[in-house]
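The values are calculated or read from the model by the stated rules, or taken from the named source; none is laboratory data. Computed from a prediction, not measured in an experiment: that's the story for all the values here. When we count neighbours, we look across all protein chains shown, and the Cβ atoms used for this are built from the backbone with ideal geometry, even at glycine. Just so you know, the surface numbers come from the protein's heavy atoms only, side chains and all, with ligands and any DNA or RNA stripped out. Shrake-Rupley method; radii C 1.70, N 1.55, O 1.52, S 1.80 Å.
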Amino acid sequence: MAQPLLEHIAHAAGSGRCAVLADGVIADVFEAMPQRPQILRFQESHGRLQWRKRQAIARHVRGLGFSHALILPHSLKSSLIPWLAGIPHRIGHVGEHRYGLVNRRPLGRAGKAREQNMVSYYLALTSAITPSHDAAPPQAPRLSVDASQIAAQQAHFGLGDYWVFAPGAEFGPAKQWPLEHWQALLGLIPSAQRLAILGGPRDHAFGEALAQSAKPGQRVANLCGQTTMAQAIALIAGARLLVSNDSGLMHVAAALAKPQIAVFGSTDPMHSGPINPQAIVRWLKLDCSPCFQRHCPLTHHDCLRNISPEVLARDLRSISAKTTMLAP
């Protein structure tokens, strides 16, 4: 969702240096962006300050002489390295107790993040740098993958004509379609259709339970925790379609303009939905949603449980009738 922001900044910077400070899988996503920015990797450890490591990378960043830092997350920790590096203009939206660490906010009020699409929310940061927009950036995030990379990863994992299921939800179970629904959907698709299940290490058990429910002769590969993010991006680029929750892999598929189905529960597709004309979004918009909670406050999970596998099976039949396999 930050790719249009990166494109705008790259245009505004001209011949100046534009770099991205990111950790782990996020850095892999930035490397797939058409701008191919310089990547400064910092491995974030959740729940730990990592003060010495932040000081070390801040010393490196200070030597690069950046004039501006755009801080996308709301956390205090995310603002520490730009501050320690002495970057004069540290721009970000209101976050958790970081006054002084962030010293510039966008001109005017960008509004709360949940009240607008995240692309627009991030783009609002540029008003603190270029108040008059001389070039309107595209509103749809874009990623690109070389055909050779797609072919290499398909060969590595033994995949040909395949669909991708991405059943994980890093945020929490309030964003995750139930396992029994995924299993029922698997039982409703053609037995001859090859399927790859993608996700992180924490999704492996879920993916294994899904794969074990396959019909006899149905070829299902549980790759959760078996790929890097770069490999997952290439596999999604080569897939015919993707089915997912509201997740990072959903946005990867959207930025690759892949046919996709996205299941929403506790979140709002107007805020974090896929910006992709080939996307089908299933969201019930119940009175209790969006609640933006990790766990259902009412404990019934109706916003997800009441989205039936049969509805998604019909969507899949409609999409598969219109699509052809991307040939590397």
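Some points to look at:
- Taken together, ILE319, ILE307 contain a single residue that is touching a residue at least 12 places away in the same chain (Cβ under 8 Å), farther than 24 Å from PRO141 by Cβ and either touching a strand residue (DSSP E or B) at 6+ places or on another chain (Cβ under 6 Å) or among the β-branched types (Val, Ile, Thr) (or both), which is ILE307.
- When ASP203, ASP146 are screened for being under 23 Å from ALA237 (Cα atoms) and without any contact (Cβ under 8 Å) to a residue 12 or more places away in the chain, only ASP146 passes.
- Test for GLY238: is it touching a residue at least 40 places away in the same chain (Cβ under 8 Å) and open to solvent by less than 10 Å² (accessible area, probe 1.4 Å): yes
- Within region 89-117, tally of residues that are under 15 Å from HIS68 (Cα atoms), assigned to a strand (DSSP E or B) and at pLDDT below 90: 1
- Among the residues of region 291-316, the ones that are at pLDDT 95 or above and open to solvent by 40 Å² or more (accessible area, probe 1.4 Å) come to 5 in all.
- Residue among ALA27, ALA13, ALA58 that is modelled with pLDDT of 95 or more and either surrounded by 12 or more Cβ atoms within 10 Å (Cβ to Cβ) or within 18 Å of the chain's Cα centre (by Cα) (or both): ALA58
- The residues in region 31-44 that are within 19 Å of the chain's Cα centre (by Cα) and open to solvent by 30 Å² or more (accessible area, probe 1.4 Å) can be counted, and the count is 8.
- Every residue from region 173-186 that is open to solvent by 10 Å² or more (accessible area, probe 1.4 Å) and among the small types (Gly, Ala, Ser): ALA184
- Scanning region 187-213 for residues that are open to solvent by 30 Å² or more (accessible area, probe 1.4 Å) and more than 21 Å from GLY248 (Cβ to Cβ) yields a total of 9.
- Scan of region 249-274 for residues that are open to solvent by 50 Å² or more (accessible area, probe 1.4 Å) and either modelled with pLDDT under 95 or of a type in the set (Asp, Glu) (or both), ordered by number: MET270
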